[in-house]
Amino acid sequence: MPDIRVHKFAGKIDAPNPFWLASGPTTNTGEQIMRAFDAGWGGVVWKTIGDPIKNASPRYSSVDLNGTRMMGLNNIELISDRSIEDNLRELGEVKKYYPYHPIIASLMVESKREAWHEIVQRTEDAGADGLELNFSCPHGMNERGMGSAVGQVPEYTEKITAWVKEKARTPVLVKLSPNVTDIRAIAAAARRGGADGLSAINTVNSIIGIDLDTLVPRPNVDGASTHGGYAGPAIKPIALNLVQQIMSDPASALPLSGMGGISSWRDAVEFILLGCSTVQVCTAAMHYGYRVVEDMAEGLENWMRTRGFATLDDFRGLSLDRVTSWNGLNLNYKVVAHIDEQKCIGCGLCQIACWDGAHQCIHSDRVTGPINGRIELHDGPPTVEFRSRTSFATTPVTRQERAAAATSHGPFPTPLAKIPRVDETECTGCNLCALVCPVDDCITTLRVTESGRPENQDQQHSVAS
Amino acid sequence: MSTTSIPDDLLLRERFTDIKPPLSPQAAVIEANRCLNCFDAPCTAACPTHIDVPGFIKRISTGNLRGSALRILDANILGSSCAKACPVEVLCEGACVMHRYNSEPIQIGRLQRYAMDSFQATGEELLTAPRGSRNVQVACIGGGPASLACAAELCRHGAHAIIIERNELPGGLNTYGIAEYKLRTSDSLREAEMIRRMGVEFRTGAAIETAEALEELESEFDFLFLGVGLGAMQRMNIPGEDQKGVLNALEFIASYKTGRLKEMSGTVVVVGAGNTAIDAASAARRLGAETVYLLYRRGEREMTAFDFEYEHAKHEGVQFLWRRQPYAIRTNERGRLLLDTVQVNEVGRSLQPVEGSENVIECDYVIPAIGQSPFAQLVQDLRRIELRNGIIVVDPETGQTGNSRYFAGGDCANGGREVVDAVADGKRAARAIMKIAEAAYA
């Protein structure tokens, strides 16, 4: 049985599993957090505590993708709208019932040393297992000199982190904003300030969309909208990129709690493979409830079992050294696309993608002769479509006609004439066709063997000069 | 003339609820999003009118409903009735790649209906080229789908087209002959009205039955399009088939669709096993007949009805009697019909009665549905229009007959197919006519 417990994260924090709820609406109250622990979450970051604010309404809006809801979620909610006293009292109560589940308190107060000292003291006295400094909320709070207004300036980040460290007895995490030119500059500043760990990433600055009836961007707050924080599956690639940047930079790397669009155990594994010790989830739990953690934990365990990993440390960071600069790529490595005729359903999406979006080397006409060494001439999409749309088609009304229509043409499920084929001499191996193909494993890229020894851009350049 | 003179009959609407009900807006978008948006899509290739199916479906998913409907109408002016009446299972939906994707095919027919219903609800009219901008005059004889499509296409290209229909109402079998749970008479008439508003002139109640009448048309028009359909329903040629209670399937369907027959009871025997027989049998059930038999002289596997029609009839409660042939119709003392039938065996291609298998079915209606006769009285007398087995011989690419001024399409030229085939025929003929006319211009 693989062990998915977290040991001594940021020096001190143990947790039953790496799945934590991120600071946000799912961690707003003690009652919620106890239900979350019961559902299986391994830890929480309490909704940012500070001087209570008043929120706008509505405060969420989302991007749907072809009918799938909330591919991306945008919010303009601020930190906790409940008093510091209420939050800390509940934190202490939850801690009594759940001593082995870490509760990290997200904090945000005015950029004054005394203010930070006071909140740190009170929060730790209440029983928090760690502190997460919210230097990254990209909306509202930054207009008041807090949140990302701090996290976008290395000097502020370093200074406030240092103030907190003067007082803190528990691990201090700095939560980073993606809305910066180089996240490593901020991460390194937090490290210099003495941070024990990092959380990344907070939400991405966004205007999520505009209502075409009212012409007001969403969410519409009495005729106006504002910049929001973008989250959900859409931002995962951005988060992975920033996590990799932080963890690959010796001046920045610290124990990292990764987040940004994690909605399944697969996503979580990817963050851990780039060096994260824990992961945080918000949007997925907002969308489907705390129960999403069940499959996350089971899926992670089952994957580890299949791969033979006993602990999270066994695979943490394994993909980090698989990221190189572009110049480090072997330019003699060559693949070409291959279409499995047995699997092809004849949708033609690879063909049109190749012609319009790639290199014009997937064709529906089949050449019988030799295909090497010659430039082939093929019908382009307009010709192919014209032929179909001027063909003579009738309804098969008799049984014989229907039988004839039902007869498959050729040895494959799809009529041969509708199965595209790759001109391998022209294929650049770009991979677009495999991405657009709706059928799993129908289009694969095969390595071309006669491509010579590995050679990257720099090596080729030095040979040429 | 009016193209809309039959009021909606609420009772009829209730009895003949849509076999494929309309999609709600959200269901339409969800279904539209399932479409893979194939390139050189097989659904489009399978459609006789080659509607750009992924094109109109994509437009539904983005909320461009006007664009979606116009995309459909561009290829098929009867896109609304085809959405409902087409046997999509053997056309677009039958060709859908989803069958090979371990999934149900996209509900193309219902999506097409959604787009067309939305467009019709806006009341927007279709733009055409200015009437008579091309000095071409065409008379379309017969007011069914082939002529409607031909005339509309001509109109779009600026020609002047009229439709001559012997019935009171235009639309042909779309108006009078398609099961009400698929296509309502009012739907057909609304479509004809749309075409009238495009600038097509309708002359209804006007039969062209003599060579003189035709010659008159020849002098008035540059081209004539024959969309006259098939001839009368075939008779069973058995004693007693002319009595009350015996009515052929098309007559029966037209009767209930136009409100002349509102109710049935008792036992109904439909003779035949084509799609029209199924329509008649299912309609008899919906009109109240307690017992409906469908009698066919051959077996289940030989029936010409589409499989889904057969399934539908079974679902409606129609009972099937295979390899049984009627040989006489009598009446009993209570005035009910007695249908004498006998079991038949296939010996080679001929059918041999089985001795001692005679059986009398006591019933209230007998509805022969054994096909329309391939007969176009009108053109039989015309010189230079070749008929083969009663079907007008045309160039399939253009619909042109042996007489270069005459074109033909629909059932009279294709032997009896679907609405969508008639539309394709009419459209092709119109384009061929315009090509000739443009060439003469230049």
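Of note:
- Residues in the range A:381-398 that are outside any helix (DSSP H, G or I) and either touching a Phe, Trp or Tyr at 6+ places or on another chain (Cβ under 6 Å) or at the interface with chain B (Cβ under 7 Å from one of its Cβ atoms) (or both): A:SER391, A:PHE392, A:ALA393, A:THR394, A:THR395, A:PRO396, A:VAL397, A:THR398.
- Scoring B:ALA41 on the criteria (1) within 21 Å of A:CYS350 (Cα to Cα); (2) buried (at least 24 other Cβ atoms within 10 Å of the Cβ); (3) more than 10 Å from every other protein chain (Cβ to nearest Cβ) leaves a single failure, condition (3).
- Pair list, Cβ < 6 Å and 6+ apart or interchain, from the range A:384-411 residues that are without any contact (Cβ under 8 Å) to a residue 40 or more places away in the chain to residues that are of a type in the set (Asp, Glu): A:VAL384/B:ASP40; A:GLU385/B:ASP40; A:SER388/B:ASP40; A:THR394/B:ASP421; A:THR395/B:GLU418; A:THR395/B:ASP421
- Residue that is nearest to the other protein chains (Cβ to nearest Cβ), among those in the range B:276-308 that are part of a helix (DSSP H, G or I), under 20 Å from the mean Cα position of the chain (by Cα) and surrounded by fewer than 21 Cβ atoms within 10 Å (Cβ to Cβ): B:ASP307
- Condition check for A:ILE76: open to solvent by 10 Å² or more (accessible area, probe 1.4 Å), within 21 Å of A:ILE201 (Cβ to Cβ) and either more than 25 Å from the chain's Cα centre (by Cα) or of a type outside the set (Lys, Arg) (or both): yes
Condition check ((1) in a helix (DSSP H, G or I); (2) surrounded by fewer than 24 Cβ atoms within 10 Å (Cβ to Cβ)) across all residues:
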| site | (1), (2) |
| --- | --- |
| A:GLU143 | yes, yes |
| A:GLU155 | yes, yes |
| A:GLU158 | yes, yes |
| A:GLU166 | yes, yes |
| A:VAL180 | no, yes |
| A:SER199 | no, no |
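- Those strands (runs of 3 or more DSSP E) lying entirely in the range A:17-107 with at least 2 residues of a type outside the set (Phe, Trp, Tyr) and modelled with pLDDT of 95 or more: A:43-49, A:60-65, A:68-75, A:103-107
- Looking across the range A:168-178, the residues that are assigned to a loop (DSSP other than H, G, I, E, B) and touching a strand residue (DSSP E or B) at 6+ places or on another chain (Cβ under 8 Å) come down to A:ALA168, A:THR170, A:PRO171, A:LEU176, A:PRO178.
Let's see how each residue does on (1) of a type in the set (Phe, Trp, Tyr); (2) over 25 Å from A:GLN244 (Cα atoms); (3) within 14 Å of chain B (Cβ to nearest Cβ); (4) open to solvent by 60 Å² or more (accessible area, probe 1.4 Å):
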residue	(1), (2), (3), (4)
A:GLY299	no, no, no, no
A:ASP314	no, no, no, yes
A:GLY317	no, no, no, no
A:TRP326	yes, no, no, yes
A:ASN332	no, yes, no, no
A:VAL335	no, yes, no, no
A:ASP340	no, yes, yes, no
A:HIS359	no, yes, no, yes
A:ARG366	no, yes, no, yes
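- Every test in (1) in contact with a strand residue (DSSP E or B) (Cβ under 8 Å, 6 or more places away or on another chain); (2) assigned by TED's automatic domain parsing to the domain that holds B:ILE141 is passed by B:CYS363 save one, and that test is (2).
- Among residues of the range B:386-442 being crowded, with 24+ Cβ neighbours inside 10 Å and free of Cβ contacts under 8 Å to residues at least 60 places away in the same chain, the one that is nearest to B:ASN76 (Cα to Cα) is B:ARG428.
- B:SER350 vs. criteria open to solvent by less than 50 Å² (accessible area, probe 1.4 Å), at pLDDT below 95 and hydroxyl-bearing (Ser, Thr, Tyr): no
- Annotation: B:THR17 fulfils all but one of (1) β-branched (Val, Ile, Thr); (2) more than 27 Å from B:GLU165 (Cβ to Cβ); (3) within 14 Å of chain A (Cβ to nearest Cβ); the unmet one is (3).
- Condition check for B:LEU65: open to solvent by less than 10 Å² (accessible area, probe 1.4 Å) and away from every other protein chain (no Cβ under 13 Å): no
The values are calculated or read from the model by the stated rules, or taken from the named source; none is laboratory data. Source: prediction; values computed, not measured. Here Cβ is always computed from backbone atoms with ideal geometry, including for glycine, and neighbour counts include all displayed protein chains. Heavy atoms of the whole protein, side chains included, go into the accessibility calculation; ligands, DNA and RNA do not. Shrake-Rupley method; radii C 1.70, N 1.55, O 1.52, S 1.80 Å.
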